1. B:Ile90: in a helix (DSSP H, G or I), within 30 Å of A:Pro19 (Cα to Cα) and more than 13 Å from the chain's Cα centre (by Cα), yes or no?
2. From (1) modelled with pLDDT under 95; (2) open to solvent by less than 20 Å² (accessible area, probe 1.4 Å); (3) touching a helix residue (DSSP H, G or I) at 6+ places or on another chain (Cβ under 7 Å), pick out the condition that doesn't hold for A:Cys60.
3. For the range B:47-64, enumerate the residues that are open to solvent by 10 Å² or more (accessible area, probe 1.4 Å) and touching a strand residue (DSSP E or B) at 6+ places or on another chain (Cβ under 9 Å).
4. Does A:Ala52 satisfy the criteria of being over 23 Å from B:Glu22 (Cα atoms) and out of contact with any Asp or Glu (no Cβ under 9 Å at 6 or more places or on another chain)?
5. Which of the residues that make up the range A:99-122 are open to solvent by 80 Å² or more (accessible area, probe 1.4 Å), at pLDDT below 50 and over 22 Å from B:Thr59 (Cα atoms)?
6. Condition first: of a type in the set (A, V, I, L, M, F, W, C), under 24 Å from A:Leu130 (Cβ atoms), away from chain B (no Cβ under 11 Å) and surrounded by 19 or more Cβ atoms within 10 Å (Cβ to Cβ). Can you find one or more residues in the range A:5-16 that meet it?
7. Please go through the range B:30-46 and give me each residue that is in a helix (DSSP H, G or I), away from chain A (no Cβ under 14 Å) and open to solvent by less than 40 Å² (accessible area, probe 1.4 Å), ordered by number.
8. Testing A:Leu81 on (1) modelled with pLDDT of 95 or more; (2) open to solvent by 60 Å² or more (accessible area, probe 1.4 Å), one condition comes back false. Which one is that?
Amino acid sequence: MNAPETTSEHLGTVELRIPSKPEWVAVARLAVAAIANRLPFSVEEIEDLKLAIAEACTMCIQQGGGTESIDITCEAATSHLRVEVRDHRYRERGDAAKRPSVIAVEGEGLGIFLIQALMDKLDYSVDPQLGTELVMTKRVGA
Amino acid sequence: MDIKVHVRESEDDAYVVELGGEIDVYTSPKVKDAITELIDQGHYNLVINLEKVRYIDSTGLGVLIGGLKRVREHGGTVNLVCTNPQIKKIFDITGLVKIFGIFDDEAGAKKALA
């Protein structure tokens, strides 16, 4: 009998908070690249991740209406990297306020298009009052 | 994080905007200023050289698209020089390869302006 197929193992979670200002987006980009580098992603996949995370942070800044900070949570697993990017209004509302499903955004631009093209999975919600949240996953070698 | 912007007039009456570094939400205003200044001066045929650009995001693409729209209003165009495969990929997946002339070298980009 063959051994059961190996499931994905959680490797760790990294949380980063940056000021919601353009000059800090590069920090998020480089931090996520460093995390992705610990997984067996190709150089091209890491470049995809860098751009996707930067686009998500840019969306938070542009949609944030003066939001103070952006939280980036990276969950690394053997098979994938899952990244949550949300502006501080989500944090202040707490878990109970999180919406379970995606709210489609009208007039989505190049940024969201790029994230969708570069990542394997994306859920997002952009609301001028409630805040901006993007949850994206990239699988290793997909 | 850095961006280098160098504007020069080439011998064949075209203007070349040579960019280097990273074009993102922080640095793209500097690129926009350089392109806008050239257009305001009446230069509508531009070559934007991205050979030394390591990274570009949607805000950078937006600046290039904005520049192209403005010069087209005056019958001009913007040709790009780009050899970085990752950046070419971004132009490809956004469909911008169809609206920009993208060349492997500056000579080709300038020749296509004529």
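The values are calculated or read from the model by the stated rules, or taken from the named source; none is laboratory data. Just so you know, these numbers come straight off a predicted model, no measurement behind them. Positions of Cβ are backbone-derived with ideal geometry, glycine not excepted, and every protein chain shown enters the neighbour counts. Ligands, DNA and RNA are stripped out before the accessible areas are found, and what is left, the full protein with its side chains, is counted by its heavy atoms. Shrake-Rupley method; radii C 1.70, N 1.55, O 1.52, S 1.80 Å.
1. Judged against the criteria, B:Ile90 is a match.
2. Result: A:Cys60 passes all but (3).
3. Scanning the range B:47-64 gives B:Glu51, B:Lys52, B:Arg54, B:Tyr55, B:Thr59, B:Val63.
4. no
5. Within the range A:99-122, A:Pro100 is the sole residue that qualifies.
6. So far as the range A:5-16 goes, no, none of its residues is of a type in the set (A, V, I, L, M, F, W, C), under 24 Å from A:Leu130 (Cβ atoms), away from chain B (no Cβ under 11 Å) and surrounded by 19 or more Cβ atoms within 10 Å (Cβ to Cβ).
7. B:Ala34, B:Ile35, B:Leu38, B:Ile39
8. The failed condition is (2).
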